[in-house]
Amino acid sequence: MSHGSFGDILALADADLRPICVELRKSIMSAHKGAFETVWPRLGIASFGVGPKKMTEHYAYIGVQKSHVNLGFYHGTVLSDPTGLLEGSGKKLRHVKIHSLTAARTRALKELLRQAVADRLKMRTK
């Protein structure tokens, strides 16, 4: 599968969702200065991690939907989520549906990102 650029993800998003995508990417890069970014245009996601391996080293993805943007967490079941933002019922994967720029900027969301980065960095050193 060929990789693309973050611009490919923005091109998939409706105009009103693009600022949300940009804000989420900014939050990820702020939470993890050395984030490894891989974009899969055909899947409609930009994925972020501590290395190139999607299911073991990546911690989050930005996924464009029709009416919102998903911020997904590959290992979301290990995250503490006191405000109940996370959705999903898979073995590991969880996501947050983001409908506005305000929602993309919440402290609770940034805390989930911080935890997700810390979890993958910890797993990498084992």
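What follows is calculated from the coordinates using simple rules that are stated; it is not laboratory data. These figures come from a predicted structure and were not determined experimentally. Virtual Cβ from ideal backbone geometry, glycine too; neighbours counted across all protein chains shown.
In deg cm²/dmol, rounded to 500, what helix-only [θ] at 222 nm does the chain give when every DSSP H run of at least 4 residues adds -39500 (n - 2.57) and the total is split over its residues? Show your work: numbers first, answer last.
Numbers: 5 runs with 47 residues, N = 126.
Here the helix-only value at 222 nm equals -10500 deg cm²/dmol.
Can you tell me how the chain classifies by the Cα gyration tensor, rounded, prolate or oblate, using a/c under 1.5 as the rounded cut? Display every interim value, and only then the final one.
Working: a/c = 1.57, a/b = 1.16, b/c = 1.35.
Oblate, because a/c is 1.5 or more while a/b does not exceed b/c.
Checking the cross-link filter: which aspartates and glutamates have an alpha carbon closer than 17 Å to that of LYS54, excluding same-chain neighbours under 8 positions apart?
Candidates past the 8-residue exclusion: GLU37, ASP119.
Return the sequence-ordered ³J(HN,Hα) values of region 99-106 in whole Hz as given by the Karplus equation 6.51 cos²θ - 1.76 cosθ + 1.60 applied to θ = phi - 60°, using x for Gly and Pro.
Going residue by residue, I get 9, 8, 5, 4, 5, 6, 9, 5 Hz, with x marking Gly and Pro.
Can you compute the FRET efficiency between MET123 and ASP14 using 1/(1 + (r/R0)^6), with r the Cβ-Cβ distance and R0 = 41 Å? Round to the nearest 0.05. Numbers along the way, then the final one.
Numbers: r = 35 Å, r/R0 = 0.86.
Working from the Cβ atoms, E equals 0.70.
What are the residues whose amide H is under 5 Å from the amide H of GLY4, where those residues sit 5 or more places off or on another chain and H is modelled from the backbone?
Under 5 Å from the amide H of GLY4 lie the amide H atoms of VAL39, TRP40, each far enough along the sequence or on another chain.
Below 18 Å, Cα to Cα, which aspartates and glutamates can LYS97 reach? Residues fewer than 8 away in the same chain don't count.
Reachable aspartates and glutamates: ASP14, ASP16, GLU23, ASP81, GLU87, GLU111.
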